[in-house]
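What follows is a short report on a single structure.
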Amino acid sequence: MLENLSIKNFVIVDHLELNFTSGFSALTGETGAGKSILIGALSLALGQRSETGVVRHNTDKSDISATFNILDDKQAQEWLKQNELESEDENLFLRRVIYKDGKSKGFINGIPASINQLKSIGELLIDIYSQNSHHSLLKNATQREILDNFSGLYKEVEEIKQLYDHWRKLFTENENFKKNKESSIEEIKELEVKNKQFMALDFSFSKWQDVQANHKMLSNSSELINGVQECISRLDNDDSSASNQINQLQASLSKLSNLDDRLGNQLKIIDTISMEVGELIRELNHYLHKLEINEALKNEVESKIQDTYDFCRKYRVKPEDLDSLSNDWQVRYDLLVKLIDEEGITEALNEARHRYDEAALKLSLKRKESALELNKIITDKLKNLSFTHGKFEVNLKSIEPSANGNEQVEFLISTYLNAEPRPIQKVASGGELSRISLAIRVASIKKANVPVMIFDEVDVGIGGGVAEVVGKLLKDLAGDVRNQIFAITHLPQVAAQSLNHFKVSKEEINGETVSQINLLDENGRVKELARMLGGVEITDTTIKHAKELLS
């Protein structure tokens, strides 16, 4: 969920601090007031390409930051973990600084990040639906994800990717082996030698750390013995030792505490110090008894270290990488041995293909079943959104086996009676596409994996009862507490359905035009809805109608 958006020196904004809550929020205002600034600024924080001209006049840079609560967003949490950009709490902080020349810097949780990283995490956080831009819904990959999410096919989709990757890897390796059989046989021999030498090292990184620690200790054993003996002497060997001084102090405080009970706490402190010093002396003596100068062990450890470094130099690797590399060598060796055995690799390939085909068939059947259900739900939503004869259809087009299964998912639509369904991007206009997107999202929201959605003027070209339906759909879309919906709208019927109503306005300050965005209270909402209903002049009638919309 988007919790806060901070915008500084962006276009006609000097400084805005906006706090948001979950649910449906509407943004309204007169044309040219700057409603698009919110989306423009947020898009930059999410990794959109920056341009010159966005930095406010007479300033050096724009600074935009967005704070998200990702407590329930497992995808975002996993992405941050994989990219080592986690925060210490449930918040995600994105920041973008844009300079006058168009150059910019990005930050994720205060750590410098590439613009591609901002874009990658941004796609998991927000979908922006605008009549003027081709958004993610037009991509076949997004359409497939919507169907699979609606169907709850998370495990099946992940399984098909793994099975395909395994099968294709075996196939590719086999083809390469056939082309380079002699070099592969030579590689097997080299791997045999390498693996044998590695086994002789008896290496693991934890053992390597222990060997290095022992070597350091053995190399400095004489200095350690002398130093520990000196410490023990200072603590316990003569009248001036720390132990003797503490004992005398303890005796003095004991006598004094008999004269004044208020010294009891100080006596307890010196008693504790006395016990701690005694424990320290015992620990140092114990360490000293175990410590000895062992040249034979030292030579053995040095030999182990030398063998490891010789092996690493020979194969140009680092000791800290040996554990994982040795596993890769063994896997590669096992694969090449299997490839030599033509009967074995044929059997393995057939088994891998069979397992893929079996899983892909199950996935296809479930997709077909869910597609029929989704067709009906979205078609019904379209009829409510002024597409009287609209018809939605999920087309599952057979393709060659892939990591996503045996079909390409494509959303088709017809917008008038008896029309042949065609891909939505080829049929729908900008305004229609926004409403189609709304219908699709409402139909699949229970399984949606993007927690924040922004609809930019989805009400273009509609009015009256349909506008009220759009408002109610947006309200329903935000009904799940996981979801946060923003709508930029010109229609009072839509804005009246919102939980939070923001008004965008602009004014002249010190000779400059400045845009403002404010959260309206109940009275402010009535006035804004009245303006939207009646224009510049607000009358008693428009006030009455505005109150009716909110009731």
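Miscellaneous remarks
- Counting residues in the range 77-93 that are more than 19 Å from the chain's Cα centre (by Cα), within 28 Å of LEU520 (Cα to Cα) and in a strand (DSSP E or B) gives zero.
- Condition check for THR542 on (1) within 34 Å of the chain's Cα centre (by Cα); (2) over 23 Å from ASN4 (Cβ atoms); (3) at pLDDT 85 or above; (4) surrounded by fewer than 22 Cβ atoms within 10 Å (Cβ to Cβ): one failure, at (1).
- Of the residues contained in the range 288-295, one or more are found to be part of a helix (DSSP H, G or I), in contact with a helix residue (DSSP H, G or I) (Cβ under 7 Å, 6 or more places away or on another chain) and assigned by TED's automatic domain parsing to the domain that holds LYS207.
- In the range 237-250, the count of residues that are assigned to a helix (DSSP H, G or I) and modelled with pLDDT under 85 is zero.
- Applying the condition of being surrounded by fewer than 17 Cβ atoms within 10 Å (Cβ to Cβ) and assigned to a loop (DSSP other than H, G, I, E, B) to the range 464-481 and asking which residue is modelled with the highest pLDDT yields GLY479.
- Test: residue in the range 336-358 that is surrounded by 15 or more Cβ atoms within 10 Å (Cβ to Cβ), part of a helix (DSSP H, G or I) and in contact with a strand residue (DSSP E or B) (Cβ under 9 Å, 6 or more places away or on another chain): yes
- Test for ILE115: is it out of contact with any strand residue (DSSP E or B) (no Cβ under 9 Å at 6 or more places or on another chain) and hydrophobic (A, V, I, L, M, F, W, C): no
- Which numbered condition THR28 fails, given (1) within 15 Å of ILE454 (Cα to Cα); (2) without any contact (Cβ under 8 Å) to a residue 60 or more places away in the chain; (3) touching an Asp or Glu at 6+ places or on another chain (Cβ under 7 Å): (2)
- Matching residues in the range 508-537 - criterion: being of a type in the set (Val, Ile, Thr) and either crowded, with 17+ Cβ neighbours inside 10 Å or in the same structural domain as VAL54 (by TED's automatic domain parsing) (or both): ILE509, THR513, VAL514, ILE517, VAL526
- Whichever residue in the range 404-451 is more than 27 Å from ALA467 (Cβ to Cβ) and in a loop (DSSP other than H, G, I, E, B) and, among such residues, is modelled with the lowest pLDDT: ASN449
- Only one of the numbered conditions (1) under 30 Å from PHE198 (Cα atoms); (2) surrounded by 13 or more Cβ atoms within 10 Å (Cβ to Cβ) is not met by GLU295, and that is (2).
- Reported count of residues in the range 1-51, each being under 25 Å from ILE121 (Cβ atoms) and either β-branched (Val, Ile, Thr) or not assigned by TED's automatic domain parsing to the domain that holds VAL504 (or both), is 6.
The values are calculated or read from the model by the stated rules, or taken from the named source; none is laboratory data. Everything quoted here is computed from the prediction, not taken from an experiment. Counting neighbours? That spans all protein chains shown, and the Cβs are built from the backbone with ideal geometry, glycine included.
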